[in-house]
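What follows is one structure encoded as structure tokens, with my remarks underneath.
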Amino acid sequence: MKIIAFAETSHGLQEAGSKFKKVAFEAAHAASRLAGELGGEAEALVIGKGVESIGPELGGYGMKKVRVVEDEKLSQYSATAYAKAIAFVVESVSADVVIFPASAMGKDLAPRVAAKLKAGLAADCIALKAEGGSVLATRPVYAGKGLIDVKINSPKKVFTLRPNVFSPGAPNGSPASVEKIAVDLKDSDFTSRVTGVSVAKAGRPDLTEANIIVSGGRGLGGPENFNIVEGLADVLGAAVGASRAVVDAGWRPHDDQVGQTGKTVSPSLYVAVAISGAIQHLAGMSSSKYIVAINKDKDAPIFQVADYGIVGDAFEIVPELTSQLKKALGRE
Amino acid sequence: MKLFVCVNQVPDTETKVKVGQDGKTIDRSEINLILNPYDEFAIEAALQLKDKNSGEVTYVSVGGDSHKEVIRKALAMGGDKGIHIKTDNAGDSYSVAMMLAAALKDTGADIIFFGKQSIDYDDSAVGTMVAEMLGLPSASVVVKLDVDVSSKKAVCEREIEGGKETVELTLPCVITAQKGLNDPRYPSLKGIMAAKSKPIQEITPSGAESLTEVVAMRKPPAKQPGKILGTDKSAVPELVKLLHEEAKII
Ligand SMILES: Cc1cc2nc3c(=O)[nH]c(=O)nc-3n(C[C@H](O)[C@H](O)[C@H](O)COP(=O)(O)OP(=O)(O)OC[C@H]3O[C@@H](n4cnc5c(N)ncnc54)[C@H](O)[C@@H]3O)c2cc1C
Ligand SMILES: Nc1ncnc2c1ncn2[C@@H]1O[C@H](COP(=O)(O)O)[C@@H](O)[C@H]1O
């Protein structure tokens, strides 16, 4: 069994060349662990321009070999061209399993690659384990209200991994060897291509990647009061999220919405400020490792999922929490 | 323009998940089925293009008899006709995508719209799979769309981590719609009446296969309701301590 991990780079977002995203290490580490359990081998695949030089870094995450498709034309993401390159590499190295992060790029690529390879797809997995010589994947359904175990029966198999759930491992081990693979890309392979990237909120981590998230709800009363949420997020180095009520009211952009029709997040810490905890909100955040709720209604459903709750006025508690954290973290 | 929208039927967002007798699927006995919420953005996008450039909007749905309801709901919003690919066993995303691709193959579609994901299995797969099966370019999770009919180009914005990406596509193409793309219209009374006489063609699929198999379904482990630390700001030091010592986050 040969497993290939798609190592995503932050290409296009960083001005100074490519860097691996954390999800690349998560995919690499999961692939190498699975290969260990199955008695197979794992490799990584990197695509883009200027990526050959960073390939060896994946050695630290369990990869002995990294396949690189390095091409000027791939400097910007193209679903059609990237999928062609990936499927070509999978076929030419005879890989059986392809692992992507369930990132914006991974979710865009995986179904396309699966269709090319006639491979079954298990999306947004939260666990992968070897069973009976094959892979058993666990994934949430119904917005996390259920879990299913899925088996893929086709010879080739594609998985995407929910970000922040799989450990990236701790980097150790020797640099990976890099092997370039040339893929014949024509203009007609670029019928879909990225022509620009705009970064929303520089300085704050993105919701789906953040380790800590502070979200605000309708109880804050108005957009100007999000300053208490932002103040807390700043001390914690956290991303800022919002409930749908807040987004629908136009207080925050849609990008910030957490929940069934917004983003699904699984940070280490989720702080819900003045959010009632409607089922559609919980759907997006209940898999967070620790949940803190601050709400003046002791019966608010958010307390059912919160590890730690304070019943009280957000305008009193949040600034106090911010100032005590500042002290505790020596940021004063 | 020839516009198609693939629409799915799903349990509504309030659904309490109970595992069915087979231990693999949801207990469907008390479920309220709705048009998949993301598909409403796809429908609206198609209708706006039709309003602007004239043409025809066709809805396609794969599933059992009840799927006619979502086609009717879509037709009540606007558009011209429906295709119901009738099967009681739609199978996995790959299987659904194969049936849709077979039905859409020689239709001369300019744009095929999908929702970004079905809110039952949350796969986010069918649209992009259909694109690949038909050899078409695609953009997923689209929040902004501009189509230039004369140059046969679509310029989209899609959500990515920490920002947005502009994607250029050549027509014909596939778009999967995300919330934010537009504000879906409500069916008017006139629309609901008109939908009753719009044609829905029923076709029988052949040759689709599922490549995946659900072995078991269960509820996620229930979270223990946590500790209420207090009812005013005197609880804050305790919270800071727990975040440090128990959660080890700070
Ligand atoms: C199809 C569909 C999809 C949906 N998708 C989503 C989604 O993706 N995400 C989402 O969030 N919602 C979603 N919803 C909406 C959801 O049902 C709720 O309406 C929404 O989450 C409520 O937001 P809220 O908690 O901010 O507001 P509310 O429910 O109004 O809660 C406000 C809370 O603030 C508390 N409060 C008030 N003042 C204070 C104060 N001074 N200090 C402390 N606490 C205070 C109140 O006690 C209350 O609990 C969806 C709904 C539907 C039908
Ligand atoms: N059975 C179906 N019939 C028609 N369209 C579907 C069906 N299932 C999924 N789709 C479309 O594919 C999108 C993505 O679904 P999924 O890949 O299941 O998350 C949905 O928003 C629909 O537009």
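Read the figures in this text as sums done on the coordinates, not as results from a lab. The shown structure was predicted, so the numbers you read here are calculated from the model rather than taken from an experiment. Glycine gets a Cβ as well: all are built from the backbone with ideal geometry, and neighbour counts include every protein chain shown.
Some notes on this structure:
- Helix axis angle, B:67-77 relative to chain B longest principal axis, alpha carbon, degrees: 80 degrees
- Between helix B:93-104 and chain B: long-axis angle, C-alpha atoms, 0 to 90°, nearest 10: 20 degrees
- Cβ-derived FRET efficiency at R0 60 Å, B:SER197 paired with A:LYS289, nearest 0.05: 0.65
- Calculated FRET efficiency for the pair B:SER151/B:GLU30, C-beta based, R₀ 41 Å, to 0.05: 0.20
- Convex hull of Cα atoms in segment A:2-189, direction-averaged projection (nm²): 10.2 nm²
- Scattering profile of segment B:2-203 at q = 0.08 Å⁻¹ [log10 I(q)/I(0), Debye over alpha-carbon scatterers]: -0.25
- Counting all C-alpha pairs of segment B:1-106, share separated by more than 22 Å (%): 35 percent
- Of every Cα-Cα pair in segment A:212-329, the percent that sits beyond 18 Å: 43 percent
- Segment B:12-61 and segment A:1-80 have Cα centres lying 36 Å from one another.
- Helix axis angle, B:37-53 relative to chain B longest principal axis, alpha carbon, degrees: 40 degrees
- Counting only lysines at least 8 places from B:LYS196 when in the same chain, those with an alpha carbon closer than 23 Å to its own are B:LYS2, B:LYS50, B:LYS68, B:LYS73, B:LYS81, B:LYS86.
- Gyration tensor (Cα) of the protein assembly as shown, equivalent ellipsoid semi-axes in angstrom: 36, 31, 23
- Ordering B:MET98, B:MET1 from the fewest to the most neighbouring beta carbons within 10 Å gives B:MET1, B:MET98.
- The base-10 log of I(q)/I(0) for chain A, evaluated at q = 0.10 Å⁻¹, reads -0.64 [Debye formula, identical scatterers on Cα atoms, solvent excluded].
- Likely footprinting exposure, A:PHE25, A:PHE315, fewest C-beta neighbours within 10 Å first: A:PHE315, A:PHE25
- Pairwise Cα distances in segment A:146-196 exceed 18 Å for 72 percent of all pairs.
- Segment B:167-225: mean projected area of Cα convex hull, nm²: 11.2 nm²
- Contact order normalised by residue count of chain A, Cα under 8 Å, 6+ apart, percent: 14 percent
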